[in-house]
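Working notes, structure below.
Read-outs throughout are calculated quantities, based only on the coordinates presented, and are distinct from any laboratory measurement. All figures in this text were calculated on a predicted structure; none of them were measured in a lab. We place every Cβ from the backbone using ideal geometry, glycine too, and count neighbours over all the protein chains shown.
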Amino acid sequence: RKEVEQDPGPFNVPEGATVAFNCTYSNSASQSFFWYRQDCRKEPKLLMSVYSSGNEDGRFTAQLNRASQYISLLIRDSKLSDSATYLCVVNPGGSYIPTFGRGTSLIVHP
Amino acid sequence: NAGVTQTPKFQVLKTGQSMTLQCAQDMNHNSMYWYRQDPGMGLRLIYYSASEGTTDKGEVPNGYNVSRLNKREFSLRLESAAPSQTSVYFCASGSPSYNEQFFGPGTRLTVL
C-alpha cells in the first residue's frame with residue numbers, strides 16, 4: 001500500500017459546484033497534514049494545513065479523520081481559477097521528510 | 001522577502017555534461033529539500049538537509065550530489081547528466097513549526 005494515496009481524477013465540474021477530494025495515509029503515527037495546490041508547470045503552493053478539529057478558509061474546508069486515516073478537502077462554489085492539481089501531504093511524527101500524494105486533478109468548466 | 005529562489009529556470013545539457021542547480025531561501029528555515037517531478041510520478045525526494053552541515057539521501061539520490069553551503073543555500077549537482085535526469089527540479093525549505101514546505105519556482109532540465 002502506498003503511504004499516501006489520492007484519486008488522480010480528473011474531477012471535471014461546472015462552475016459553482018461543490019467538489020470533495022479524499023486522501024488516505026498508511027502511517028498511523030503521522031502528525032501533520034497539508035493540502036497544496038499546483039498549477040500546470042508551476043511549483044506546489046501551500047493551500048491549507050489540516051487540523052484535528054477541521055478548518056475552513058473561505059470556500060475551502062479541510063478535515064482529518066484519524067480513525068480511518070484520511071484527510072479531505074471540500075471546495076464550495078467552484079471557480080474557473082480553482083482548476084489545478086491538489087496535493088495531499090502527510091508528515092510522520094519526528095521526521096523531516098513529508099510524504100506527498102501524486103495529486104488530484106480538478107478541472108472547473110464554464 | 002523572496003522566499004525560495006532557484007537558478008537557472010531552464011537548462012539544456014548534453015549527455016555527460018555536469019551542472020549545478022542553485023537554491024536559496026531567506027526564511028531562516030533549517031531544513032531544505034531537492035525534489036524532481038516527472039509526468040505521472042509526483043514529487044520524488046532526491047536529497048534533503050535537516051540543518052546546516054547535514055545532508056541525507058532521499059528516495060532517488062543516484063546520479064546527484066548536494067551541498068548545504070550555509071543556512072540559506074542548498075545546491076544540487078549532476079556530475080554526468082543522463083537523459084533519465086530530464087525533469088523539473090524543485091527546491092523547498094521547511095518551517096520549523098509544522099514543517100510545511102515552501103517551494104522555489106523550479107528548474108526545467110532537458111538532457112539530450
Just to be sure I understand the model, the point goes 7 Å from the Cα along the line to the Cβ. What's the resulting A:S81 to A:A29 distance in nm? 4.2
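Under 20 Å between alpha carbons: how many lysine pairs meet that in the protein assembly as shown, if sequence neighbours fewer than 8 apart on the same chain are excluded?
Close lysine pairs under the 20 Å cut-off: 6.
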To the nearest 20 Debye, how big is the dipole of chain B about its Cα centre, given +1 on the beta carbon of each Lys and Arg and -1 on that of each Asp and Glu? 260
Comparing B:K14, B:K71, B:K57, which has the greatest mean-square fluctuation in the GNM of chain B with Cα pairs linked when under 10 Å apart? B:K14
Each label sits 7 Å from Cα toward the beta-carbon; between B:D38 and B:A82 the label points are separated, in nm, by 1.0
Based on other C-beta atoms within 10 Å, arrange B:Y64, A:Y70 from fewest to most. A:Y70, B:Y64
Counting DSSP beta bridges with both ends in chain B, the antiparallel % (nearest 5): 90
If one builds a Gaussian network model of chain A from Cα atoms under 10 Å apart, the most fluctuating residue listed among A:C88, A:C23, A:C40 is A:C40
Can you tell which of B:C91, B:F74, B:G63 lies farthest toward the positive end of the dipole of chain B, using +1 and -1 charges on the Cβ of basic and acidic side chains (Lys, Arg; Asp, Glu)? B:G63
Would you work out which of A:S95, A:S26, A:P8 lies farthest towards the positive end of the dipole of chain A, given +1 charges on the beta-carbon of Lys and Arg and -1 on that of Asp and Glu, about the Cα centre? A:S95
Selected from A:R37, A:R76, A:R59 as most flexible by GNM, with chain A as the system and alpha-carbon contacts under 10 Å: A:R59
Whole-number value, in Å³ per residue, for the convex hull of the alpha carbons of chain A is 97
Dipole moment magnitude, nearest 20 debye, the protein assembly as shown about Cα centre, only Lys, Arg, Asp, Glu C-beta charged: 400
When the charge dipole of the protein assembly as shown is computed with +1 on Lys and Arg Cβ and -1 on Asp and Glu Cβ about the Cα centre, the Cα farthest towards its positive end, among A:S53, B:A2, B:M19, belongs to B:M19
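Between B:A2 and B:R108, what's the calculated FRET efficiency when r is the beta-carbon distance and R0 is 25 Å? Round to 0.05.
Numbers: r = 20 Å, r/R0 = 0.78.
Given R0 = 25 Å and the Cβ-Cβ separation, E is 0.80.
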Expected sort for A:E3, B:E100 with the fewest Cβ neighbours (10 Å cutoff) up front is A:E3, B:E100
